[in-house]
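Let me begin by presenting the structure, written as structure tokens, before commenting on it.
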Amino acid sequence: MLWLLLLAACSKGPQPGTVLDEAKQAGRDGSTFTHATEDYFHDMDGALALSPQEIAGRNMWIVWTGGNDRFWDRLTDYTFGAFDLLKAISSHPSQGYSRANRWQYLGLVNEPCFDKPSGPDPAHRGLWLDVHGQGCVPDPFENASKYPGVALGSRGKPLGDGTTQPVGSFYGEATGILGLRLFPNPAFDEKAAKEWNAEKYYTDPKYYNRQDLVRPYRVGMSCGFCHVGPSPVNPPQDANSPKFANLSSSVGAQYMWVDRLFIHNANKPEGQKNYMFQLAHTFRPGAMDTSLISTDSINNPRTMNAVYDFAARMGLAKQLWHEKLANGELDNKQFNNFFRDGPLTEFYTAADATVRTPHVLKDGADSVGLLGALNRVYLNIGLFSEEWLLHFNAIAGGKTITPIPIATAQKNSGYWQATEAGTPNTALFFLKAAQPDRLQDAPGGAAYLAADSGTVERGKQVFADTCARCHSSKAPAPPADLGLGPDKCAGAGYLGCFKRYWGWTQTEGYKTLMRQIVQAPDFLQGNYLSTEARIPSTLLRTNVCSPLATNALQGNIWDNFSSQSYKQLPSVGTVTLSDPFTGAAVSYAMPAGGRGYTRVPSLISLWATAPYLLNNTVGPFDSDPSVASRMRVFDASIAQMLWPEKRERDAILGNKVPGTIDRTTQRSDITIPVGFVPDALQPLQGTLHRWLPWLVSEGGDVVLGPIPKDMPVNLIANLKLRSESDDPQAKLAQIRDVGELLLKLKLDLASAPKDATDAQLHEKFANLREPMLRLSKCPDFVVNRGHYFGTAEFNQQDGLSADEKSFGTEPVLSDGDKRALIAFLKTF
């Protein structure tokens with residue numbers, strides 16, 4: 001009955017391909033959005049001299065949100081009130097965090113020339129927002145005459161209280177946090193104005209958890225929000241009060257606490273009891289699951305990594321990574337659409353639909369050209385959410401995902417049109433500005449480069465023999481008889497090519513040639529320190545949840561942004577995982593079609609970017625961005641990489657598993673506050689509490705749980721509740737397995753004592769072990785394993801699959817070799 005009521009509460013809404021974004025609704029196309037060229041951020045990025053195009057590119061990166069304030073406002077509903085950017089930018093005393101401790105608590109970059117508010121701002125409906133400092137240069141992007149906002153809904157109309165809802169600028173207002181911009185909410189009309197109470201918004205859950213609450217402002221997010229950070233070579237004296245000169249556009253938001261950002265009351269007991277906090281708490285600082293919104297039902301947090309040396313990276317793409325495009329992939333803009341001649345026109349050949357592309361994202365899925373990768377990011381942070389959100393169920397999933405066509409965005413979104421027109425400038429900016437941060441250029445950096453020349457030379461040889469085959473864009477030409485031409489090795493033939501390449505790198509002939517290259521005095525100049533190859537999980541042995549991501553597969557949400565060559569990648573074979581209950585080895589066959597690989601990250605500025613692995617699980621975290629702190633974290637993290645026995649071990653299973661499992665830190669529930677319960681159910685709340693007290697609280701909240709402390713988070717987070725196969729038999733099996741799990745879950749939770757201990761609840765969940773693992777879309781729970789190159793652990797191959805053993809064994813580095821390698825790595 002409950003499920004029937006839930007279905008009844010749903011109604012058929014707008015259909016994909018038929019909706020316009022807010023810009024188009026207001027009669028605005030892309031040409032009406034002028035990309036700003038004011039050099040407001042001049043002092044950032046080493047105060048480089050930039051051309052007007054490059055300035056426009058940086059401005060776009062930091063202040064252009066493309067209308068996504070609509071999406072981030074909607075996300076508060078999708079998370080049942082847990083996520084609220086309007087609170088994140090506030091400094092109300094009840095929150096426990098403010099501008100004064102924003103860096104330490106949230107890891108967000110305070111924009112220079114702002115102060116903490118001393119009280120509510122009557123000009124902003126009583127919100128506690130950062131105040132622009134006296135004597136500071138005005139933000140030029142707030143100029144509503146030069147950059148007129150989108151006049152929609154209540155914008156520009158009187159609100160019945162003597163005020164008018166402003167239209168504002170299409171860049172919004174500065175919030176005091178770089179990357180977040182403030183926009184008038186077009187839904188905030190006269191009725192909403194009468195009902196608005198700022199103090200209750202901050203302090204009264206019954207008020208702020210109302211689904212019909214309309215906030216006076218929406219917050220938009222730029223790309224820079226996840227990529228601007230303290231400069232490693234010019235760090236701020238006080239991380240909470242940086243100057244523009246202390247900031248880098250490309251270093252990455254490696255200090256951001258996404259769990260605290262995502263759950264507005266994460267610093268309070270009620271927030272930590274929310275299972276959504278437990279899920280987001282698996283995101284180490286500086287990491288987040290980029291598929292969290294368009295969920296693929298896999299929890300795979302990935303670092304918000306630095307972006308360095310675009311010139312070297314593009315050169316690598318031109319040399320090695322030639323991928324075929326077809327269908328909607330061909331709608332991606334290429335440099336040829338914007339430049340008639342010059343080197344940037346050499347990355348795409350229309351005649352055979354071949355793009356020479358960097359591999360973007362951790363699995364290398366973004367593979368349609370640099371501009372396509374830049375443009376997709378804007379969709380993923382909410383641009384054209386009117387269309388995007390029709391292709392999946394945000395956060396919760398449970399709906400068949402369909403691709404968002406680029407052609408639809410080009411037709412129906414003015415914001416998308418403006419974005420496509422502007423990202424070539426962003427590419428030009430990064431080609432100029434995204435330069436390596438060398439330790440030798442950092443204050444006091446020379447003191448950490450005190451190793452003698454003999455040690456560094458020894459480190460170079462170790463790097464050549466062990467690391468350079470993946471982590472150098474300078475390499476010897478492979479023998480012709482290996483057949484490693486870029487046109488032969490794309491797509492279905494990739495794995496065979498890679499295995500031949502790997503076998504060659506294990507020979508003395510390769511190592512001799514590579515040592516000569518590494519020992520050259522200009523080795524680090526113009527070296528991307530990555531091949532950008534896609535490494536099979538059977539070789540890497542890291543957690544496979546990221547390589548199992550499905551969003552870029554054929555027919556999925558990002559179908560138009562991954563190449564045919566990616567979609568044709570073969571299966572890497574069988575990997576060995578660990579049972580999260582017993583630690584026993586479990587074999588898992590990796591699927592084909594793009595999954596199973598991890599793109600090699602660059603080692604540029606390695607000293608400044610610890611912790612390591614794609615999820616920041618190897619090494620400690622320190623919120624201090626000083627050189628001394630970065631080096632402490634580097635030393636500890638690189639030691640864990642090269643001596644894997646030093647890595648964190650699981651608190652429950654210990655050495656039975658090769659690392660640690662992310663577990664709930666306390667008992668938690670999945671709670672839907674009464675204000676967010678579907679309208680059709682609300683009249684029955686009291687009745688449902690009497691019928692289903694384990695599901696509906698006395699206050700009317702829908703509560704799923706309790707989930708005991710120390711449960712593997714991904715046991716629930718990775719459940720696949722909908723079949724992704726076209727095979728009718730597979731669909732029937734999926735329905736059977738889901739039904740079995742739901743029945744057991746209902747009976748077990750309903751039969752648990754009201755005051756059940758965590759131990760008793762663990763027994764209930766143990767009964768669910770088999771159906772939950774059978775439905776797991778990623779049954780890999782150990783988050784910090786793998787990348788054992790140069791260590792004895794690589795050669796411990798008992799119990800591994802034949803596919804994992806097929807790469808052979810590797811020479812084990814001595815402790816002296818490892819220390820020499822570290823001395824060389826510091827120079828990157």
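Filtering the stretch 196-230 down to residues that are open to solvent by 10 Å² or more (accessible area, probe 1.4 Å) and polar (S, T, N, Q), which residue is farthest from F80 (Cα to Cα)?
N197
Suppose we filter the stretch 127-143 for residues that are in a loop (DSSP other than H, G, I, E, B) and under 25 Å from Y97 (Cβ atoms); how many remain?
So the answer is 6.
Do we find a residue being closer than 29 Å to V228 by Cα, within 16 Å of the chain's Cα centre (by Cα) and either of a type in the set (S, T, Y) or open to solvent by less than 50 Å² (accessible area, probe 1.4 Å) (or both) anywhere in the stretch 269-281?
Yes.
Quick one: which helices (runs of 4 or more DSSP H) lie wholly within the stretch 718-828 and hold at least 1 residues that are in contact (Cβ under 8 Å) with a residue 60 or more places away in the chain, acidic (D, E) and open to solvent by less than 30 Å² (accessible area, probe 1.4 Å)?
Fully inside the stretch 718-828 and qualifying: 802-805.
So, in the stretch 240-266, of the ones that are open to solvent by 20 Å² or more (accessible area, probe 1.4 Å) and assigned to a loop (DSSP other than H, G, I, E, B), which residue ends up nearest to G619 (Cα to Cα)?
Here the residue is Q254.
Suppose we filter the stretch 83-105 for residues that are among the hydrophobic types (A, V, I, L, M, F, W, C) and surrounded by 22 or more Cβ atoms within 10 Å (Cβ to Cβ); how many remain?
Selection size over the stretch 83-105: 4.
Does at least one position in the stretch 170-187 carry a residue that is more than 23 Å from A56 (Cβ to Cβ), free of Cβ contacts under 8 Å to residues at least 24 places away in the same chain and of a type outside the set (D, E, K, R)?
Looking through the stretch 170-187, none of the residues is more than 23 Å from A56 (Cβ to Cβ), free of Cβ contacts under 8 Å to residues at least 24 places away in the same chain and of a type outside the set (D, E, K, R).
Has the stretch 436-443 got any residue that is touching a Ser or Thr at 6+ places or on another chain (Cβ under 7 Å), open to solvent by 10 Å² or more (accessible area, probe 1.4 Å) and either in a helix (DSSP H, G or I) or of a type in the set (A, V, I, L, M) (or both)?
no
Taking the stretch 399-424, which residues are buried (at least 22 other Cβ atoms within 10 Å of the Cβ), part of a loop (DSSP other than H, G, I, E, B) and under 22 Å from the mean Cα position of the chain (by Cα)?
I401, I404
Across the stretch 613-634, which residue is farthest from the chain's Cα centre (by Cα) among those that are closer than 23 Å to C470 by Cβ and in contact (Cβ under 8 Å) with a residue 40 or more places away in the chain?
Only one residue fits best here, namely F634.
Name the one entry in A373, A396, A427 that is out of contact with any Lys or Arg (no Cβ under 9 Å at 6 or more places or on another chain), surrounded by fewer than 24 Cβ atoms within 10 Å (Cβ to Cβ) and modelled with pLDDT under 95.
Of the residues listed, the single one that is out of contact with any Lys or Arg (no Cβ under 9 Å at 6 or more places or on another chain), surrounded by fewer than 24 Cβ atoms within 10 Å (Cβ to Cβ) and modelled with pLDDT under 95 is A396.
Within the stretch 144-159, work out how many residues are open to solvent by 60 Å² or more (accessible area, probe 1.4 Å) and not in a strand (DSSP E or B).
So the count comes out to 4.
Can you tell me which of (1) of a type in the set (V, I, T); (2) open to solvent by less than 40 Å² (accessible area, probe 1.4 Å); (3) more than 20 Å from the chain's Cα centre (by Cα) is the one I62 doesn't meet?
In the conditions (1) of a type in the set (V, I, T); (2) open to solvent by less than 40 Å² (accessible area, probe 1.4 Å); (3) more than 20 Å from the chain's Cα centre (by Cα), I62 misses (3) alone.
Identify all residues within the stretch 578-611 that are outside any helix (DSSP H, G or I), closer than 30 Å to L529 by Cβ, touching a strand residue (DSSP E or B) at 6+ places or on another chain (Cβ under 9 Å) and touching a residue at least 60 places away in the same chain (Cβ under 8 Å); write none if there are none.
G596, Y597, T598, R599, V600, P601, T609, P611
The values are calculated or read from the model by the stated rules, or taken from the named source; none is laboratory data. From a predicted model like this one, the values you see are computed outputs, not experimental measurements. Positions of Cβ are backbone-derived with ideal geometry, glycine not excepted, and every protein chain shown enters the neighbour counts. What goes into the accessible areas is simple: the full protein's heavy atoms, side chains included, and nothing from ligands, DNA or RNA. Shrake-Rupley method; radii C 1.70, N 1.55, O 1.52, S 1.80 Å.
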